[in-house]
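Values quoted throughout were computed directly from the atomic coordinates according to the rules given, and no laboratory measurement underlies them. The model shown is predicted, which means the values in this text are computed figures rather than measured ones. Counting neighbours? That spans all protein chains shown, and the Cβs are built from the backbone with ideal geometry, glycine included.
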Amino acid sequence: MAAPFLLCGSAHPDLGASLAAELGVSLRASRTDSFPDGELHVRLEDEPRGEHAFVLQPTFAPVERNLIELLLLVDACRRSGATGVTAVVPYLGYARQDRRTAGGQAVGLRVMADLMAAAGVHRVVSVDVHSPSAEAASSTRFDDLSALPSLVAALGDLPRERCVVVAPDLGAVPRARRVARMLDAPTAFVHKTRLSGEEVSASGLAGEVRGRIPLVVDDMISTGGTLEAAVRLLVSHGCETPVHVAATHGLFVGSAWERLARLPIGRLCVTDTVPAPARAPVPVERVPVAPALAAALGR
Ligand code: R5P
């Protein structure tokens, strides 16, 4: 394959540098400025005439800014003669809004997919997207890579014969089952109800955790509410502590650090789909996703 034309928005320059190094290319130059009224303005300094452009931009907070910058970069590539554009969005914001749970709501995931397609995206590459509906919601090719094998490899020295892999809610069950197969370990599932953006309640546990070392597997840690509820329930059911955690996206917003600091957590492993937290009062191991992204772009 010819050297890919790789651009990186301003959301996550470290990941851009890692991906460029993994692909053995230089990042192409672009600039993003803000006008005084808050509008973004992008300018490609290298233009992808006759080439396929890859635009890297995870859409974590500030979600709208990062998303608009991505859309502007895609449009600029298309207008500069790119033969096609792949949006590399390792963390896809709004993916949790994959269905309406009550009247009057929007389906945010579908809106994101439509915006990217309208801007000129031909293919989206993401990592452990929250919802399996993402592919169906997207009118373009959608590749959802999994970081679970890398996370499991990073946690390789856990005593597998004593582990139980825990899904902290029903949506996490397929991921937990996959990890359990990798570790040849049993599974347990938490029955979670979301009360608000920050608060959840964990009302039941299916599976045996007594005397076992839990490995909680999820797609993301946002406010840490899901993890806190799961860990407290596991402890109340007699699991061994500390509890270990593997989650693809470490957003750590709101009260996440305060919550994590008071939990009996041993190893906490996330990937680098979002930048490293500036202050992490608990140790966080970060697994690189650039190798998996580079392999997918090469395909
Ligand atoms: C929910 O369905 C997701 O898989 C995560 O469990 C959840 O979004 C994590 O959010 P928080 O850390 O705020 O509970």
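Once the gyration tensor of the Cα atoms in the chain is diagonalised, the equivalent ellipsoid follows with semi-axes of 36, 20, 17 Å, ordered largest first. When only Cα pairs below 8 angstrom with a gap of at least 6 residues are kept, the stretch 14-128 shows a relative contact order of 23 percent. List the trypsin sites (Lys or Arg not before Pro) in the stretch 85-118 that DSSP assigns to loop (not H, G, I, E or B) and whose Cβ has at most 11 other Cβ atoms within 10 Å. Which are they? Answer in residue order: Arg100. Over the stretch 144-299, Cα pairs under 8 Å with separation of 6+ residues give a relative contact order of 20 percent. Ranked by the mean number of other Cβ atoms within 10 Å of their residues, highest first, the peptides 84-92, 168-176, 235-243 come out as 84-92, 168-176, 235-243. In the chain, taking the dipole from charged Cβ atoms about the Cα centre, the farthest positive-side position among Val42, Ala53, Thr223 is held by Thr223.
Taking amide H positions as modeled 1.01 Å from N, with prolines and chain starts lacking one, the residues under 5 Å from Cys239 and 5 or more places away or on another chain are Gly211. When each of the peptides 39-45, 266-272 is scored by the mean number of other C-beta atoms lying within 10 Å of its residues, the order from highest to lowest reads 266-272, 39-45. Ranking Gly204, Val121, Cys8 by how far each Cα lies toward the positive end of the dipole of the chain (charges on Cβ) leaves Gly204 at the top.
Placing unit charges on C-beta atoms (Lys and Arg positive, Asp and Glu negative, everything else neutral), compute the dipole magnitude of the stretch 12-164 about its Cα centre in debye, rounded to 20.
The calculation lands at about 360 debye.
Pairs of Cα atoms nearer than 8 Å and 6+ residues apart set the relative contact order; for the chain it is 13 percent.
Computed about the Cα centre, the dipole magnitude for the chain is approximately 640 debye when only Lys and Arg (+1) and Asp and Glu (-1) carry charge, each at its Cβ. DSSP bridge analysis restricted to the chain gives an antiparallel fraction near 25%, rounded to the nearest 5. Cα convex hull, the stretch 52-199: 133 Å³ per residue, rounded to a whole number. What you get for the stretch 139-289, charging only the Cβ of Lys and Arg (+1) and of Asp and Glu (-1), is a dipole of about 180 debye around the Cα centre. Across the stretch 289-299, computed HN-Hα scalar couplings (Karplus, 6.51 cos²θ - 1.76 cosθ + 1.60, θ = phi - 60°) run 9, 4, x, 5, 5, 4, 4, 5, 5, x, 6 Hz from first to last residue, x flagging Gly and Pro.
Where a ≥ b ≥ c are the square roots of the eigenvalues of the C-alpha gyration tensor, would you call the stretch 241-291 rounded, which needs a/c under 1.5, or, failing that, prolate if a/b is larger than b/c, or oblate? It is oblate, given that a/c is not under 1.5 and a/b is not larger than b/c.
For the chain, what does -39500 (n - 2.57) per DSSP helix run (n ≥ 4), summed and divided by total residues, give at 222 nm, in deg cm²/dmol to the nearest 500? So the helix-based figure for the chain works out to -9000 deg cm²/dmol.
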